[in-house]
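Visitor: My structure is below; once you've seen it, I'll send some questions.
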Amino acid sequence: GLYWVEEVLGPLVVPICQNSPKINFEVDPERLKSNSCRDTNVKNLMNTVKAFLDSILNSGASCPQVLRGICKHLADNVGLKFPECKEIAVQAFIFLRLLCPAILSPERFGLVDEPPSNEARRNLVLIAKVVQSVANGVEFGYKEQYMLDLNPLILENTQRVKDFLNDLSSNTSGSMGKVPSLPRDVVLHQLDYVVQFVSGNMDKLKVSLNSHEQLYTLFSAEVEMKFIPLLELQREQEKRQPRKKLHRLNRLFRSVYKNKSE
């Protein structure tokens, strides 16, 4: 799903990181600079958050099948025991664990090459704070009174977020995805997490893939579209350590598929 994150957030995050001295979203009176107008900053922040929300909430059709499958799996399984919490589970996965972290730390998701400046980071923090509040459907209160001006935006978009999450968790048709154009060091960093996850959950993965044909189909598509092209990087690797990571990942996936075929 990294390419989806890049497609949805990249065009909005990059200008903020590049033009941080000229852009100011600060609304906290205690942090305002002497030459900054709070009312102007509130409007800037509100308009920018609207752009982020529009980009996110209009991207359902391009959301990869694998992410949709995870959302449906979360909603179905959480809904069995806690029907009132299934929407929260999907919201936490999409916004709290994926989109908002990408807004806060775009360099970790390959959206920008260098870490943002302190000014840009503060702007991204404010944007992510509002986006997450909209996703939660919770208005700002007395603890953050300087954010109260953003509450109308939360109320306006709460239902849009619910419709978006319902679409992701009820319909697994969508984009098959494509290999993200990420820097090699970012790709290898992500492979570390994949190797650790697959290694630590091999038995569970084998059981799940054998008992859930739909999950196996989605998993197979993800491997074919993303991991196999990444594994081809091993032919180009000159350093021993990255090559070892790719070989380990290759062996892990072969083990899973061998178990499935048997």
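The values are calculated or read from the model by the stated rules, or taken from the named source; none is laboratory data. From a predicted model like this one, the values you see are computed outputs, not experimental measurements. When we count neighbours, we look across all protein chains shown, and the Cβ atoms used for this are built from the backbone with ideal geometry, even at glycine. Ligands, DNA and RNA are stripped out before the accessible areas are found, and what is left, the full protein with its side chains, is counted by its heavy atoms. Shrake-Rupley method; radii C 1.70, N 1.55, O 1.52, S 1.80 Å.
Visitor: Could you sort 58-70, 78-90, 112-124 so that the peptide with the highest average Cβ count within 10 Å comes first and the rest follow in order?
Guide: Those peptides, ordered most packed to least, come out 58-70, 112-124, 78-90.
Visitor: With every protein chain left in place, what is the accessible area per residue of region 1-57 in square angstrom, probe 1.4 Å?
Guide: Numbers: 2920 Å² over 57 residues.
It amounts to 51 Å² per residue over region 1-57.
Visitor: In Å, what Rg and Dmax follow from the Cα atoms of region 16-137?
Guide: So, for region 16-137, Rg and Dmax equal 16.8, 55 Å respectively.
Visitor: While we're on this one: Which percent of the accessible heavy-atom area of region 1-159 goes to carbon and sulfur, probe 1.4 angstrom?
Guide: Roughly 52 percent, rounded to a whole number.
Visitor: Got the relative contact order for region 87-172 handy, in percent, Cα pairs under 8 Å and 6 or more residues apart?
Guide: 30 percent
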